[in-house]
Amino acid sequence: YYGKYWVGVTYGTRASKVSNFRSTGSNNSVIYLSWSKNSRATGYKVFKYDPATKKDVLYKDIKGANNTTLSVTGLQNNTKYQFKIYAYYKGSVGTYNGYCSSALSASTKLNMVTMNSVTSPSKKRITVKWNKAWFSCTGYEVMWSTTSNFSSNFLSVYVKGQNTLSTTLNTAQSGRNYYVRTRVYTEKNGKKTYGSWSAVKTVKVK
């Protein structure tokens, strides 16, 4: 004669430690992070160190094992930051956190050029003025777009001369908001190298 089976207890296993956690680049206000896919993960949690509280603060809870990149935005220029990450597995009875990575240090770039003003003096025109770069350069690239992240519908112009600090852009539409940014460039042997983009300014075109 047998009794009934005991229901028992359900356990889960930790997701393994995230590998290849690294910075893939930065500009003056953004740091780009990347890591290798963890096939056992339900998602990842990325932490940013807060020097005021001396604690690692959750920056982003990323759902899905295939999502292995992150842009950390709104940062101060020319500043060093620290990040950590762990994968987690969400089972039927709870969430199991993986082992946390070591601290990753990454820095934003120095703001090499700042726009002083962006105005629309006349119909379908934008006048842009910026400060002089503090180091020797070939000139400046100015980009304008109807999309705030410059992912589509954008144009750019190269303004030669370190001492040339303004330009006027021709737009396709009136009564539309345009987004403008600029950066320095240096050209040598036909190859251009660039500084980081300035902060974006918005202007409504006449």
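The values are calculated or read from the model by the stated rules, or taken from the named source; none is laboratory data. These figures come from a predicted structure and were not determined experimentally. Here the Cβ positions follow ideal geometry from the backbone for every residue, glycine too, while neighbour counts run over all protein chains shown. SASA here: full protein model, heavy atoms, side chains in, ligands and nucleic acids out. Shrake-Rupley method; radii C 1.70, N 1.55, O 1.52, S 1.80 Å.
Quick notes on this structure:
- Every residue from the stretch 22-46 that is within 28 Å of residue 112 (Cα to Cα) and either modelled with pLDDT of 95 or more or not in a loop (DSSP other than H, G, I, E, B) (or both): 22, 23, 24, 25, 26, 31, 32, 33, 34
- Of the residues making up the stretch 49-103, those that are part of a loop (DSSP other than H, G, I, E, B), in contact with a Lys or Arg (Cβ under 8 Å, 6 or more places away or on another chain), of a type in the set (S, T, N, Q) and open to solvent by 70 Å² or more (accessible area, probe 1.4 Å) are 66, 78, 102.
- Screening the candidates 193, 186, 182 for the property of being free of Cβ contacts under 8 Å to residues at least 24 places away in the same chain, among the hydroxyl-bearing types (Ser, Thr, Tyr), within 25 Å of residue 23 (Cβ to Cβ) and surrounded by 11 or more Cβ atoms within 10 Å (Cβ to Cβ) yields one hit, 193.
- Qualifying residue in the stretch 45-62 (condition: in contact with a strand residue (DSSP E or B) (Cβ under 9 Å, 6 or more places away or on another chain) and among the small types (Gly, Ala, Ser)): no
- Taking the criterion of being assigned to a loop (DSSP other than H, G, I, E, B), hydroxyl-bearing (Ser, Thr, Tyr) and either free of Cβ contacts under 8 Å to residues at least 40 places away in the same chain or touching a Gly at 6+ places or on another chain (Cβ under 9 Å) (or both), the residues of the stretch 115-163 that qualify are 138, 146, 147, 151, 152.
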